[in-house]
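> Quick one: structure below, then a few questions.
What follows draws every value from the coordinates through simple rules; no lab data is involved. Predicted model only: the values in this text are computed from it and were never measured. All Cβ positions, even for glycine, are placed from backbone atoms using ideal geometry, and neighbour counts span all protein chains on display.
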């Protein structure tokens with residue numbers, strides 16, 4: 001702690017560089033759904049997954065279904081065969097076959113049929129996602145009078161991951177802005193609110209970076225015993241951010257609230273930082289250590305691993321270093337607020353005799 005107070009700029013810069021480095025892998029984040037190939041080899045579900053993959057190819061466990069519908073009243077057989085040949089020539093396709101058409105009482109061709117496509121790659125492989133895009137941009141658009149829809153469980157998971165990925169920045173930004181607005185109302189300080197938003201976004205980036213490096217890139221998977229590299233479960237970032245931003249706001253209130261109380265009493269920023277860390281900083285770091293216990297496991301690592309990473313990134317790098325280092329800078333007054341804001345919403349504290357309104 002004495003290093004932080006003596007050299008706040010150096011500590012703050014070092015923490016900023018560390019968080020930036022940890023956040024770099026987050027730019028390679030790929031959401032998806034892991035298949036049964038991530039399970040231990042001794043499990044029956046893994047053996048049941050491996051046997052068809054060994055016999056028919058890795059894509060057999062996640063086939064794609066092309067729903068083909070004629071724009072008229074029936075599916076012309078000639079155009080259907082042309083579509084099947086076009087799909088077969090697409091890169092990444094191992095097998096393709098049109099399902100037997102259902103019988104019709106009045107005879108004639110059915111109005112709809114299904115073409116099953118087996119990829120050359122496994123359901124969780126990035127090559128399967130690329131194949132879905134190629135099928136939609138190629139054979140499905142060149143089908144002429146046929147309407148072709150690419151579906152199946154693998155395609156549904158891919159579409160869900162794409163939708164969540166495209167909306168993730170908006171989700172993070174909205175939560176960061178709302179959290180900053182609450183801190184602005186609580187502490188009446190622009191510096192506290194803006195710094196909290198930046199630290200929360202930085203901590204989320206560091207957590208995603210750690211998660212990508214460990215589970216998607218496979219760094220240390222053998223040591224941690226979490227199987228082979230897998231895509232990040234598509235709904236994990238939404239749940240993790242929503243839950244951990246709330247926890248982060250709690251610790252921001254605890255830490256900054258204690259610092260503000262000491263600053264109002266002593267007007268000494270360095271002492272306020274020291275008191276805030278001494279009273280609340282240790283609990284924040286212990287909370288991050290507690291969630292490190294959830295890293296091990298086959299499925300649970302993508303839930304608790306990201307949780308622990310963000311708690312560590314926030315407790316060690318953000319709230320534990322950047323926040324105090326910023327407040328300990330000489331001549332720095334993080335608790336200052338514009339005069340019109342102070343008049344519109346005076347700060348209230350709880351004292352022994354009840355609620356006390358202060359001018360600062």
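> Would you kindly state how much longer the chain becomes between residue 266 and residue 130 on full extension, computed as 0.36 nm times their sequence separation minus their alpha carbon distance, in nm to one decimal?
42.8 nm
> Estimate the FRET efficiency between residue 221 and residue 149 by the formula 1/(1 + (r/R0)^6), using the beta-carbon distance for r and 45 Å for R0, to the nearest 0.05.
So, using R0 = 45 Å, E works out to roughly 0.75.
> How far is it, in nm, from the label point at residue 17 to the one at residue 71 when both lie 7 Å from their Cα along the line to the Cβ?
The answer from the label model is 6.2 nm.
> Another question about this same structure. Could you rank the peptides 176-184, 208-216 by their average count of other C-beta atoms within 10 Å per residue, with the highest value first?
208-216, 176-184
> Here is a further query. What's the FRET efficiency of residue 116 with residue 7 using the Cβ-Cβ distance as r and R₀ = 56 Å, to the nearest 0.05? Before the final figure, lay out each step's value.
Working: r = 65 Å, r/R0 = 1.16.
Given R0 = 56 Å and the Cβ-Cβ separation, E is 0.30.
> Report the gain in length on full extension from residue 174 to residue 243: 0.36 nm times residue separation, minus Cα-Cα distance, nm rounded to one decimal.
23.4 nm
> For residue 85 and residue 191 in the same chain, what is the full-extension length gain: residue separation times 0.36 nm, less their Cα-Cα distance, in nm?
Gain on extension, residue 85 to residue 191, equals 31.8 nm.
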